[in-house]
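The values are calculated or read from the model by the stated rules, or taken from the named source; none is laboratory data. Nothing here was measured: the structure is a model prediction, and the numbers come from that model. Heads up, the Cβs are rebuilt from the backbone with ideal geometry, glycines too, and the neighbour counts pull from every protein chain shown.
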Amino acid sequence: MNNTTDLLLSRASCRKFSDTPITNEDMNAIIQCAKQAPSAGNMQMYTILNITDKELKERLSVTCDNQPFIKDASHILIFCNDMSKWDRAFTLFGAKQEGDKSIDEADFILSMQDAIIAAQNAVIAAQSMGIGTCYIGDIMENLEIHQELLHLPKYVFPCCMLVLGYFPDAPIIPPHNRYTNKYIVCENTYKELTDEEIGEMFSIGTHEETVSWMKRFYDRKINSDFFKEMGRSLNKAISEWKK
């Protein structure tokens with residue numbers, strides 16, 4: 001183990017922050033680390049929105065599934081997968097001719113990978129500075145509202161949001177346990193788990209306890225209104241990139 005692995009293994013989401021604002025020096029360092037993340041073809045197919053405006057943070061705390069702690073964060077970083085700049089450059093410099101391939105869903109997925117990899121670099125950089133973070137997937141909901149609120153043009157989608165703030169004086173919540181390698185890691189090819197192994201993987205006690213927990217989890221996540229809205233927004237966003 002070394003300092004970096006210790007940092008990665010100790011990281012957990014932080015939803016309560018110190019009242020001290022993050023310094024410009026620290027924020028600039030976090031953003032620089034994000035930009036140094038691996039990127040497909042070094043294209044950096046993303047844009048980072050650094051949200052500092054109080055009213056905008058309050059609005060996002062409502063549009064992102066009514067989570068009040070969002071507005072209490074010192075800063076919010078929204079990572080947008082962005083092909084708008086490249087698409088305009090291809091046209092501006094005459095690279096793209098009439099009849100050539102247009103931006104499509106493949107570009108949506110690839111640029112989203114770029115954005116999320118950059119976001120994780122920001123998370124680890126922040127952690128090393130004593131700055132807590134929490135991912136907010138709800139930024140992918142309410143597409144039309146967020147497009148207007150953040151002035152997002154075509155081929156730009158807010159795929160990932162981080163709230164950031166210095167750690168509070170209160171004890172930090174330890175990381176959640178992770179599933180063992182038996183259920184997560186396969187060598188060479190995918191190994192489909194048996195029903196028995198699935199049962200072992202998700203067991204939290206007795207069969208009855210596991211059945212009850214699984215139903216609550218499914219209804220709270222997959223079958224929830226916010227998940228359905230996220231699916232609607234994502235489908236609409238992808239369809240807009242295909243036009």
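Among (1) among the polar types (S, T, N, Q); (2) part of a helix (DSSP H, G or I); (3) modelled with pLDDT under 95, which single condition is residue 97 missing?
(2)
Could you count how many residues in segment 90-109 are hydrophobic (A, V, I, L, M, F, W, C), surrounded by fewer than 16 Cβ atoms within 10 Å (Cβ to Cβ) and either under 20 Å from residue 35 (Cα atoms) or in contact (Cβ under 8 Å) with a residue 24 or more places away in the chain (or both)?
Matching residues across segment 90-109 total 1.
When segment 115-165 is examined, which residues are found to be under 12 Å from the mean Cα position of the chain (by Cα), of a type in the set (Ser, Thr, Tyr) and surrounded by fewer than 23 Cβ atoms within 10 Å (Cβ to Cβ)?
Within segment 115-165, 135 is the sole residue that qualifies.
Restricting to segment 33-68, count the residues that are in contact (Cβ under 8 Å) with a residue 60 or more places away in the chain and either more than 15 Å from residue 145 (Cα to Cα) or surrounded by fewer than 13 Cβ atoms within 10 Å (Cβ to Cβ) (or both).
16
If you go through segment 129-163, how many residues are in a helix (DSSP H, G or I), of a type outside the set (Asp, Glu) and out of contact with any helix residue (DSSP H, G or I) (no Cβ under 6 Å at 6 or more places or on another chain)?
Looking only at that region, the number is 6.
Taking the condition at pLDDT below 95, of a type outside the set (D, E, K, R) and not in a loop (DSSP other than H, G, I, E, B), does residue 47 pass?
no
If residue 197 passes every condition in (1) farther than 30 Å from residue 42 by Cα; (2) in contact (Cβ under 8 Å) with a residue 40 or more places away in the chain but one, which one does it miss?
(2)
Select from segment 166-186 the residues that are without any contact (Cβ under 8 Å) to a residue 24 or more places away in the chain, more than 24 Å from the chain's Cα centre (by Cα) and assigned to a loop (DSSP other than H, G, I, E, B) and list them in ascending order.
Answer for segment 166-186, where residues must be without any contact (Cβ under 8 Å) to a residue 24 or more places away in the chain, more than 24 Å from the chain's Cα centre (by Cα) and assigned to a loop (DSSP other than H, G, I, E, B): 171, 186.
Of these, 154, 71, which one is touching an Asp or Glu at 6+ places or on another chain (Cβ under 7 Å) and closer than 20 Å to residue 19 by Cα?
Going through 154, 71 in turn, just one is touching an Asp or Glu at 6+ places or on another chain (Cβ under 7 Å) and closer than 20 Å to residue 19 by Cα: 71.
Name the one entry in 30, 22 that is surrounded by 17 or more Cβ atoms within 10 Å (Cβ to Cβ) and within 19 Å of residue 115 (Cβ to Cβ).
30
Which one is nearest to residue 136 (Cα to Cα), of the residues in segment 184-213 that are among the hydrophobic types (A, V, I, L, M, F, W, C) and exposed (fewer than 13 other Cβ atoms within 10 Å of the Cβ)?
Applying the filter and picking the extreme gives 184.
Which number in (1) over 19 Å from residue 167 (Cβ atoms); (2) over 16 Å from the mean Cα position of the chain (by Cα) marks the one condition that residue 50 misses?
Only one criterion in (1) over 19 Å from residue 167 (Cβ atoms); (2) over 16 Å from the mean Cα position of the chain (by Cα) is unmet by residue 50, namely (2).
Residues that are under 26 Å from residue 146 (Cα atoms): find the helices (runs of 4 or more DSSP H) completely inside segment 187-243 holding 3 or more of those.
225-241
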